[in-house]
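The values are calculated or read from the model by the stated rules, or taken from the named source; none is laboratory data. All of these numbers come straight from a predicted model, not from anything done at the bench. Counting neighbours? That spans all protein chains shown, and the Cβs are built from the backbone with ideal geometry, glycine included. Remember, those area values only see protein heavy atoms, side chains included, never the ligands or the DNA or RNA. Shrake-Rupley method; radii C 1.70, N 1.55, O 1.52, S 1.80 Å.
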Amino acid sequence: YDDFKNYQHPRFNKFKTTTFPRLEKFVDQDLKSLTEETKAVFYPFGGPDISYPLMLFPQAQSYLLIGLEPVGSVDSNLEIPNNLNNQLDSLFRRSFFVTSDMSRIINNKQGVLPLFLAQIVLLGGEVEDIKYSKHSFGKGLEITFKYLKLEKKLFYIQTNLTNQGLSDDLIKFIEDNNLFDTCMLKASSYAFHQNIFSKLRSFVITNANVIVQ
């Protein structure tokens, strides 16, 4: 992971001095009392956006993000893609990734891993271990890292979350690994209103201690 340790993004400093303080204020004033017991954050449709869950729930032990973007190949060399700045630009400029853009500019071989590593490093974290996984419901990543001196795990699953895609095996994986007590909703804002996501909607409403939208 040495290539990423000194990575800088041209928009990150402005993001850190504008967006970051506002989120910290929101957390201190409105969120902390609700989420002080949060251990596991579930972020459906989050894709490769680990920055916002880390800033909003810095005390959590695990983060589960789900998206359509490819995990990448275990055999590919881990290096900084030439267009990584471009891949992250939308997140730091507009606060979210654009799905259509991501499908066009993400390298299928390396997948979302470089984006996760870059964000963790930019926020001051330290990556310790990376594992790839394959499940009946999709491919996955598991990244162990330290943030604010606390050890954390980031899980990413590549799958769709429609009623057909949200399998019982995925729900069992979430429950068996205790990956859900707080739900964060930011990306794909209106998806939960659609009938094709009714199973996910019911799962979140039934199981979340807190929903932060």
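Note down the net charge around Gly140, summing +1 for each Lys or Arg and -1 for each Asp or Glu among other residues with Cβ under 11 Å from its Cβ.
+2
Looking at Leu170, Asn6, Val71, which one has the Cα that reaches farthest to the positive end of the dipole of the chain (charges on Cβ: Lys, Arg +1; Asp, Glu -1)?
My answer, from the dipole projection, is Asn6.
Considering only protein heavy atoms and a probe of 1.4 Å, how much of the accessible area of the chain is carbon and sulfur, as a whole percent?
Answer for the chain: carbon and sulfur cover 45 percent of the accessible area.
GluC sites (Glu not before Pro), restricted to segment 1-49: which are DSSP loop and have at most 16 other Cβ atoms within 10 Å?
Those satisfying the criteria are Glu36, Glu37.
Step through the table entries Lys146/Lys172; Lys14/Lys139; Lys25/Lys131, compare each Cα-Cα distance with 32 Å, and write down the pairs that go over it. Numbers along the way, then the final one.
Details: Lys146/Lys172 27 Å; Lys14/Lys139 34 Å; Lys25/Lys131 34 Å.
Too far apart for the 32 Å limit: Lys14/Lys139; Lys25/Lys131.
What number comes out for accessible area per residue over the chain if the probe is 1.4 Å? Units Å², please.
Working: 10970 Å² over 213 residues.
Here the per-residue accessible area is 51 Å².
Could you work out how far apart the two model spin labels at Asn13 and Ser198 are, taking each label as a point 7 Å from the Cα in the direction of the beta carbon, and quote it in nm?
5.3 nm
Report, by chain and number, residues whose modeled amide H sits under 5 Å from the one on Lys139, excluding near sequence neighbours (fewer than 5 apart, same chain).
Placed amide hydrogens put Gln158 under 5 Å from Lys139.
Just for the Cα atoms in segment 60-124, what are the lengths along the principal axes, largest first, rounded to whole Å?
Sorted from largest, the Cα extents of segment 60-124 read 30, 28, 22 Å.
Rounded to the nearest 0.05, what FRET efficiency do Glu175 and Thr99 have when you use their Cβ-Cβ distance and R0 = 35 Å? If you can, show how the numbers build up before the last one.
Numbers: r = 27 Å, r/R0 = 0.78.
Given R0 = 35 Å and the Cβ-Cβ separation, E is 0.80.
On full extension of the chain, what length is gained from Ser167 through Tyr1, given 0.36 nm per residue of separation minus the C-alpha to C-alpha distance?
The Ser167-Tyr1 span can extend by a further 56.4 nm.
Sticking with the crude label model, points 7 Å out along Cα→Cβ, report the distance from Asp28 to Leu150 in nm, one decimal please.
1.7 nm
Taking 0.36 nm per intervening residue step and subtracting the Cα-Cα distance, what contour gain separates Asn160 from Leu68 on full extension?
Stretched fully, the Asn160-Leu68 segment lengthens by 32.5 nm.
Kirkwood hydrodynamic radius, computed over distinct alpha-carbon pairs, for the chain: how many Å, to one decimal? Don't jump to the answer; show the numbers that get you there.
Details: mean 1/r = 0.0573 Å⁻¹.
Computed over the chain, the radius equals 17.5 Å.
If I take R0 = 35 Å and measure r between the Cβ atoms of Gln59 and Asn82 in this structure, what FRET efficiency does the formula 1/(1 + (r/R0)^6) give, to the nearest 0.05?
0.45
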